[in-house]
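Worksheet for the structure shown next.
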Amino acid sequence: MSVLEARELVVDIPGRQGGDPLTVRILPGQRWGVLGPNGAGKTSLLHTLAGLRPPRSGTVLVDGEPLAVLRRRTLAQTLAVVFQERQDSFPATVLETVLIGRHPFLSPWQREGADDVRLAHQALDALSLSTLKDRLVSTLSGGERQRVAIATALTQQPGIWLADEPTNHLDLHHQVAVMELLHQQAEAGAGVFLCLHDLNLAARWCDHILLLYPDGELCFGPADTMLVPEALERLYDQSLSVVTVNGKPVFVPT
């Protein structure tokens, strides 16, 4: 599987002069959670790692190759991005949309084959979307559209997942189902990198945590060293109480 690496990376955020450089490797099987208050740069970092915006300085590499030298098609065969919000520009059914995940593997004008369709149906099943496969995406709720986006990425079979608030718009049941799916992807060897607002989802599902502070300071490490009240209270400027449930910390604002 693939390795995503940042070397001395400083994300270009308007209005912020500096920021700690980030040097980190997201390895196969790891589940990273990125935490920080609004405006700290979580989405900007994810987009920079995906090559969708240039960094202020530093380099992003996939399997040792700088993003700048990789063809977008080649990158799309390795890395999938789930956006926090999206626009559906063209009318398409759920199945047609999920099949977009196979496009990086098709030559120009090539139609999807039986294996592509099979992978799309498997993704629909995994996200409980099979009964909606013939619905236009424009008729779906926000949570259903989010699950379609994740199913599209799953159909892509990426070695690296970059997901910005993947549980956005989802009810409690589907939040757990999506986080379990991403956990399974990591178990199968993918590197998973998630921007999250929910501390408790991060505590339950992530094994590494990156904390982003509004002034550009950052720190990261194994989850049990990062998810401590002292660091999180300073991160969010909010007092917290913590209890343990099934061996995992649960944080409650106080």
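The values are calculated or read from the model by the stated rules, or taken from the named source; none is laboratory data. Note that this is a predicted model, so its numbers are computed, not measured. Methodologically, a virtual Cβ is constructed for each residue, glycine included, from the backbone with ideal geometry; neighbour enumeration extends over all protein chains shown. For the accessible areas, the whole protein counts, side chains as well, though only heavy atoms, and no ligand, DNA or RNA atoms are used. Shrake-Rupley method; radii C 1.70, N 1.55, O 1.52, S 1.80 Å.
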Search result, residues across segment 180-219 that are assigned to a helix (DSSP H, G or I) and hydrophobic (A, V, I, L, M, F, W, C):
LEU181, LEU182, ALA186, LEU199, LEU201, ALA202, ALA203, TRP205
When you scan segment 21-43, how many residues do you find that are of a type outside the set (A, V, I, L, M) and in a loop (DSSP other than H, G, I, E, B)?
9
Please work out which one of (1) modelled with pLDDT of 95 or more; (2) buried (at least 16 other Cβ atoms within 10 Å of the Cβ); (3) under 27 Å from ALA186 (Cα atoms) is the condition LEU240 fails and give its number.
(3)
Any hit, segment 118-135, residues being among the hydrophobic types (A, V, I, L, M, F, W, C) and over 21 Å from ASN168 (Cα atoms)
yes
Within the set of pairs 6 or more residues apart or between chains, which connect a residue that is farther than 20 Å from GLY189 by Cβ inside segment 52-79 to a residue that is among the charged types (D, E, K, R) and modelled with pLDDT of 95 or more with Cβ atoms less than 9 Å apart?
SER57/GLU8; GLY58/ARG7; GLY58/GLU8; THR59/GLU5; THR59/ARG7; THR59/GLU8; VAL60/GLU5; VAL60/ARG7
Residues of segment 82-101 satisfying the condition of being in contact (Cβ under 8 Å) with a residue 12 or more places away in the chain, open to solvent by 40 Å² or more (accessible area, probe 1.4 Å) and of a type in the set (A, V, I, L, M, F, W, C):
PHE83, ILE100
Residue check: is ARG147 in contact (Cβ under 8 Å) with a residue 24 or more places away in the chain and crowded, with 19+ Cβ neighbours inside 10 Å?
yes
The residue from ASP115, ASP125, ASP134 that alone is among the acidic types (Asp, Glu) and in contact (Cβ under 8 Å) with a residue 12 or more places away in the chain is ASP134
Specify which of the listed residues (ALA231, ALA203) is without any contact (Cβ under 8 Å) to a residue 60 or more places away in the chain, open to solvent by less than 40 Å² (accessible area, probe 1.4 Å), within 19 Å of GLY39 (Cβ to Cβ) and not aromatic (Phe, Trp, Tyr).
ALA231
Which numbered condition LYS248 fails, given (1) in contact with a strand residue (DSSP E or B) (Cβ under 9 Å, 6 or more places away or on another chain); (2) modelled with pLDDT under 95; (3) under 30 Å from LEU154 (Cβ atoms):
(1)
Looking at segment 162-179 only, could you name the residues that are free of Cβ contacts under 8 Å to residues at least 40 places away in the same chain, in contact with a helix residue (DSSP H, G or I) (Cβ under 8 Å, 6 or more places away or on another chain) and outside any loop (DSSP other than H, G, I, E, B)?
GLN175, MET179
Of all residues in segment 73-106, which are farther than 21 Å from ARG145 by Cβ and in a loop (DSSP other than H, G, I, E, B)?
GLN77, THR78, LEU106
Only one of these conditions is not met by MET226: (1) among the hydrophobic types (A, V, I, L, M, F, W, C); (2) closer than 27 Å to ARG56 by Cα; (3) open to solvent by less than 20 Å² (accessible area, probe 1.4 Å). Which number is it?
(3)
